[in-house]
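Notes follow once the structure below has been shown.
The values are calculated or read from the model by the stated rules, or taken from the named source; none is laboratory data. Note that the coordinates shown come from a computational prediction; the quantities given were computed from them, not determined experimentally. Ideal geometry is used to build each Cβ from the backbone, glycine not excepted, and the neighbour counts take in all protein chains shown.
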Amino acid sequence: MDIEKFVQNLLSVSNAYDTDNYLKMWHQDAILNDPSVGRIFKGHTGIRQYFEDYFIGYKTKTRLIRLIIINDNTAHLDVEFTGKFPEGKIGGLFELTFKDGKIAMAKADLT
């Protein structure tokens, strides 16, 4: 798996608010933990809600600042979020764990 290419595609799909293709990048039973919002989102249903509420709802765009590939299955992303939320721009991170070419687990947080 080419993690760098995957991440670029993930951000492109996310920034285009393409929910269907965004969900295709996640395992059906993936888990996304976002302490920033105090919730854990499970499976495509939960991840769809997260994406629609916090990305589409706030017109959030994500810009990659730094990608650190930990190993073949794990990556750390430092990102910048901009959108229609009170701060307008804020830093964030994603810790992604991959399985079978899709995201199996993610931790997202504002910094």
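Pick out the one residue from GLY92, GLY83, GLY101 that is closer than 21 Å to PHE6 by Cα, crowded, with 16+ Cβ neighbours inside 10 Å and not hydrophobic (A, V, I, L, M, F, W, C).
The unique qualifying residue is GLY92.
For MET1, all conditions in the list (1) of a type outside the set (Gly, Ala, Ser); (2) at pLDDT 95 or above; (3) loosely packed, with under 14 Cβ neighbours inside 10 Å hold save one; what is the number of the exception?
That leaves (2) as the condition not met.
Give the residues of the stretch 52-85 that are part of a strand (DSSP E or B), free of Cβ contacts under 8 Å to residues at least 12 places away in the same chain and of a type outside the set (S, T, N, Q), sorted by residue number.
ILE68, ILE70
So is GLY43 without any contact (Cβ under 8 Å) to a residue 24 or more places away in the chain, among the small types (Gly, Ala, Ser) and touching a His at 6+ places or on another chain (Cβ under 9 Å) or not?
yes
Would you please name the residue that is nearest to PHE85 (Cα to Cα), looking only at residues in the stretch 12-28 that are in a strand (DSSP E or B) and in contact (Cβ under 8 Å) with a residue 60 or more places away in the chain?
Selected residue: TRP26.
Filter the stretch 33-48 down to the residues that are assigned to a helix (DSSP H, G or I), at negative phi and surrounded by 13 or more Cβ atoms within 10 Å (Cβ to Cβ) and list them by number.
HIS44, GLY46, ILE47, ARG48
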